[in-house]
There are 4 protein chains.
Amino acid sequence: MAYFRIEYFSNALRRTVEFEMMIPNDRSDGVPWEKNNSSDHPMKTLFLLHGYTGKAGNWVPPGIAEKYNFAIVMPNAENSFYLNGDATGRQYQTMVGEELVDYVRHTFRLALTPDDTFIAGLSMGGFGALHTGLAYPDRFGKIAALSSALIVHELKDIHPGGGNAVANYEYYRECFGDLSTAAERDVNPEVLAVRLKKSGRKLPDIFMACGTEDFLIENNRAMHRFLEEHNIPHEYLEGKGIHDMVFWQEYIVKAAEWMFA
Amino acid sequence: MAYFRIEYFSNALRRTVEFEMMIPNDRSDGVPWEKNNSSDHPMKTLFLLHGYTGKAGNWVPPGIAEKYNFAIVMPNAENSFYLNGDATGRQYQTMVGEELVDYVRHTFRLALTPDDTFIAGLSMGGFGALHTGLAYPDRFGKIAALSSALIVHELKDIHPGGGNAVANYEYYRECFGDLSTAAERDVNPEVLAVRLKKSGRKLPDIFMACGTEDFLIENNRAMHRFLEEHNIPHEYLEGKGIHDMVFWQEYIVKAAEWMFA
Amino acid sequence: MAYFRIEYFSNALRRTVEFEMMIPNDRSDGVPWEKNNSSDHPMKTLFLLHGYTGKAGNWVPPGIAEKYNFAIVMPNAENSFYLNGDATGRQYQTMVGEELVDYVRHTFRLALTPDDTFIAGLSMGGFGALHTGLAYPDRFGKIAALSSALIVHELKDIHPGGGNAVANYEYYRECFGDLSTAAERDVNPEVLAVRLKKSGRKLPDIFMACGTEDFLIENNRAMHRFLEEHNIPHEYLEGKGIHDMVFWQEYIVKAAEWMFA
Amino acid sequence: MAYFRIEYFSNALRRTVEFEMMIPNDRSDGVPWEKNNSSDHPMKTLFLLHGYTGKAGNWVPPGIAEKYNFAIVMPNAENSFYLNGDATGRQYQTMVGEELVDYVRHTFRLALTPDDTFIAGLSMGGFGALHTGLAYPDRFGKIAALSSALIVHELKDIHPGGGNAVANYEYYRECFGDLSTAAERDVNPEVLAVRLKKSGRKLPDIFMACGTEDFLIENNRAMHRFLEEHNIPHEYLEGKGIHDMVFWQEYIVKAAEWMFA
């Protein structure tokens, strides 16, 4: 499994940033490269999004890239919720969903189409996978969102001087913009999903999973109901577990099977 | 010259971050380590701050660390102006000036006192060196600031919906807080310098340099005059040059001589 | 868990090399650093040796460094068997057992004594842990060797033009020197152990483990018998398992408990 | 300038190795990627070889990759002289000249033909560029060799127990094989050049340069005369200078102009 640490100048963030990649293209099994990646059958690509406090490479799923023969791209989006803020250089959505997808496609001989380009993440990265995937349905064909931090409906209750256990008002304001209207704006994946549905365009396929003891379980159930109410097809799994690596190591394997098998 | 790339969890930024170091402790000249770094005479440490759009390691000064036998610590502060913002996890000043200094001192057998711990930078990092050094005079004994982005007096003219050639209102607001009062608050190095002076505490020694064709020359001259008016000792150099690497490669050598010779 | 990637010039290998470290010194649990690492109670250090075809960082044991509060140093010794060859710059034993131990002690505020400095490895690295630990009993207080490639007695049967399933005659010759006499020379950990025993000096404590289905099980049993015959105390464990990560992930935890609990 | 640090499993070296790349594909000048790299006009690639004691990335030529729009691939070949030794896993020539060229072409959307794939190096890497380029004329269209360590004719005078100022007999033996016959075998670039010439196949274009005060000047002059005597076209430059970075920084620019202008 080849491992890449890459620095490039991001126009979206207005500075040099790093991301990481894994490509199962250094096989010693004698299978010729062309079997696993050719211009006719290019290797699929999974954009894998870290959670709050995390970074690229701190969550490497076990063995799935070799098993299903796909590359993993791991951006660093800091604690941004993968959203575009108002400030110059705070364009994390653009960085992950446009710039980096294009950069990887231009740089590497990998998949070029949404049929072969998927996005997944956990916690804040689960939110990011849903939001980024629905914002760029022409780039991403499938979304897998684990234990997603679908907190956008709670933001209206966070006021100047306040916050919640995770962060303060200013933090959420920088990520989501005006908190009182966030749930009605494009920072809410539901808004993107409904608009796509109404437009008649193809939505990415959606896979969601959450642990039944996860503190975010009700948020995930609410999203599940929302998608059902709007007749938006999706796979939804619950299983015993909390908001931790044990759950994610188990369910990323299920997600990979759903995406690649 | 040994080179270190280090990831650690920053409580100030609420996420795993990277910084880089250079330590001239892999000499092949037969000089025993103890000559260059011992508990009696620990190796001095220079915190070196990058500019806007830059990152750790993209500006490695030529040969000075070996010549004067000091370690270089290179934080990544993104485009933050090395300041604490209001949002959770936006504590760049605390990260560089407190957390990282302490982390390096706890982790490495290097200097422990302000007599042996210096800070330098260019452009936004020149501002950062002045501001951070004056905010933590108990940690930093000397400041070297090249072509410093001393723009704090211009901020009151940036209004919502506006900006300047570099960035928009929201960007400056996230870095500096309320722009109309920024010049009177602690984000202005002058405020810190005057308070220190009045308190009778020792200020760090200060070295400033700017190119005569630099677009920031008048900002640097204004700071120079301010320090003179307040009888704050400092070295101030001007030389032919613009806001570029040619000037910095020349003047970091002068700064190193001033700091270490 | 802080992660370090370090380049330094190795006099033993006559070139710039890399190694990696993990130090659990970026805790967010509020426990002050001094509780976990102070000059009175410095943090212990484990040198962790990779196997044939491996490299630093490709085997990171799960959670033990945080649990028992020790640093991990991971050298890159290529496919050298951690031995000094005859050629200039082929001093892998010296690099790991002398140079790197000293470099880490000089550079980091970590343990300085063999009571706090241990060595462990798997497969070729298990051989390396036994050999390096027994070669430097003044540096290493404990040895943990998993599924060790204790192949030195088989080398006399490898002749020019020949080899075995792993490598050819020239490879083994470059690692071990004259193959016909290797078992009687210092490249054999048994030779080092017996000499230490006879000298009356303290041997490092020894922990060995091997899977019962491992192709190296008889080699490990032979070493176990040898140590018993020479009244050299050691812990020896066998357990169901083959020569793979499943066994190592389980037994490195047992080894850590034996070393640090 | 994007920077890549890449680990992959090398079948030639039988272990995971690292190499580095620079690709000028993160431009902020508004020029569309397709202008600089397209399937019709793919970006050219330069394989850049380090010297004895060096490694990938410790010699980054100034500004030429952006200026002429080419990618740089920097292998790590340790102190191997870029040759295949007899031992298993000592296939440095194969690693650089076959495996890595193919790996880069398979992985990155860059040049696929010898018309667009060049090789350059300094000192031991100058030898490597000449040797590897002449060994693989179907892969490399141009060779630039600076201050090349063309020492193969001196090897016959190094005997067991002996050596020279750089290394001992065993070291040269592991790199070059039997030293008494090295000059007549394929480890001598002259042998490769003459064979290619006689076969009527196209040789790579050759650029050589050496400082007049370099201790290797006579070795380079001898190679120059040899090529002249065999009517092998090549560019040969001498200039004031010794065996140091000052000369290489100046002449890599001349080499780049010769290769890319």
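FYI, it's all coordinate maths here, none of it is from the lab. None of the values given here were measured: they were computed from a predicted structure. All Cβ positions, glycine included, derive from the backbone under ideal geometry; neighbour counts span all protein chains shown.
Excluding the sites themselves, what is the longest stretch of chain B that contains no trypsin sites (Lys or Arg not before Pro) in a DSSP loop with at most 15 other C-beta atoms within 10 Å? In chain B, the maximal stretch lacking such sites is B:1-184. With the label put 7 angstrom out from Cα along the Cα-to-Cβ vector, D:GLU66 ends up 2.5, 4.0, 4.1 nm from the copy partners, going from closest to farthest.
Enter the angle in degrees (range 0 to 90, nearest 10) between the Cα long axis of helix A:217-229 and the first principal axis of the Cα atoms of chain A, meaning the one along which they spread out most. Roughly 80 degrees between the two axes. Over chain B, the fraction of Cα-Cα pairs per 5 Å bin, rounded to whole percents and listed from the shortest bin up, is 1, 6, 13, 18, 20, 17, 13, 7, 3, 1, 0, 0, 0. Seen against the Cα atoms of chain C and their longest principal axis, helix C:245-260 is set at about 60 degrees.
Distances from C:GLU238 to itself in the other copies, using label points 7 Å out along the Cα-Cβ axis, amount to 4.9, 7.2, 8.5 nm in increasing order. Between identical copies, the spacing of C:LYS198 label points, each set 7 Å from Cα toward the C-beta atom, reads 5.8, 8.0, 9.0 nm from nearest to farthest.
Compared with the rule-of-thumb size 2.2 N^0.38 Å for a compact globular protein, segment D:61-149 has a Cα radius of gyration ratio of 1.06.
Once you keep just the Cα pairs under 8 angstrom separated by 6 or more residues, what percentage relative contact order results for chain D? So the answer I get is 16 percent. Counting only DSSP beta bridges with both residues in chain D, tell me the antiparallel percent, nearest 5. Antiparallel bridges make up about 40 percent of those DSSP assigns within chain D. Evaluated over the Cα positions of the protein assembly as shown, the convex hull gives a direction-averaged projected area, one quarter of its surface, of 43.2 nm². Using C-alpha pairs below 8 Å separated by at least 6 residues, the relative contact order for segment C:16-92 is 37 percent. Share of pairwise Cα-Cα distances greater than 23 Å in segment D:122-261 is 34 percent (whole percent). Compare D:GLY51, D:GLY125, D:GLY161 in a GNM of chain D, Cα atoms joined below 10 Å, and give the one with the largest fluctuation. It is D:GLY161.
In chain B, helices alone account for a calculated mean residue ellipticity at 222 nm of -8500 deg cm²/dmol, with every DSSP H run of four or more residues adding -39,500 (n - 2.57). Name the lysines eligible as straight-distance cross-link partners of B:LYS55: C-alpha to C-alpha under 21 Å, and not fewer than 8 places from it in the same chain. Once the sequence-local lysines are set aside, what remains near B:LYS55 is A:LYS55. Between the C-alpha center of segment B:109-123 and that of segment B:52-100 there is a gap of 11 Å. Couplings 3J(HN,Hα) for segment C:154-160, derived from phi with the Karplus relation 6.51 cos²θ - 1.76 cosθ + 1.60 (θ = phi - 60°), are 8, 5, 5, 8, 9, 10, x Hz, where x marks Gly and Pro. Residue and whole-Å distance for the chain D Cβ lying nearest the axis of the D-onto-B rotation are D:ARG5, 5. Counting only aspartates and glutamates at least 8 places from A:LYS197 when in the same chain, those with an alpha carbon closer than 17 Å to its own are A:ASP138, A:GLU184, A:ASP186, A:ASP205, A:GLU228, A:GLU229, A:GLU235. Could you work out the per residue convex hull volume over the alpha carbons of segment C:1-111, in cubic angstrom? Here the figure is 94 Å³ per residue. Could you tell me how far the Cα centroid of segment A:147-219 sits from the Cα centroid of segment D:168-199, in Å? What the calculation gives is 67 Å, centre to centre. Shape summary: segment D:130-202 maps onto an equivalent ellipsoid whose semi-axes, from the alpha-carbon gyration tensor, are 26, 13, 9 Å in decreasing order. Against the longest principal axis of chain B, how steep is helix B:124-135, in degrees 0 to 90 to the nearest 10, with axes from Cα atoms? Helix B:124-135 and the main axis of chain B meet at about 80 degrees. Cross-link partners of C:LYS44 among lysines, defined as those whose alpha carbon lies under 21 angstrom from its own and excluding same-chain residues fewer than eight positions apart: C:LYS35, C:LYS67, C:LYS142, C:LYS202, C:LYS254. With contacts taken as Cα pairs under 8 Å and at least 6 residues apart, segment D:147-197 reaches a relative contact order of 33 percent. For segment D:24-32, backbone phi angles converted through the Karplus equation (6.51, -1.76, 1.60; θ = phi - 60°) give residue-by-residue couplings of x, 10, 10, 5, 10, 8, x, 5, x Hz, Gly and Pro being listed as x.
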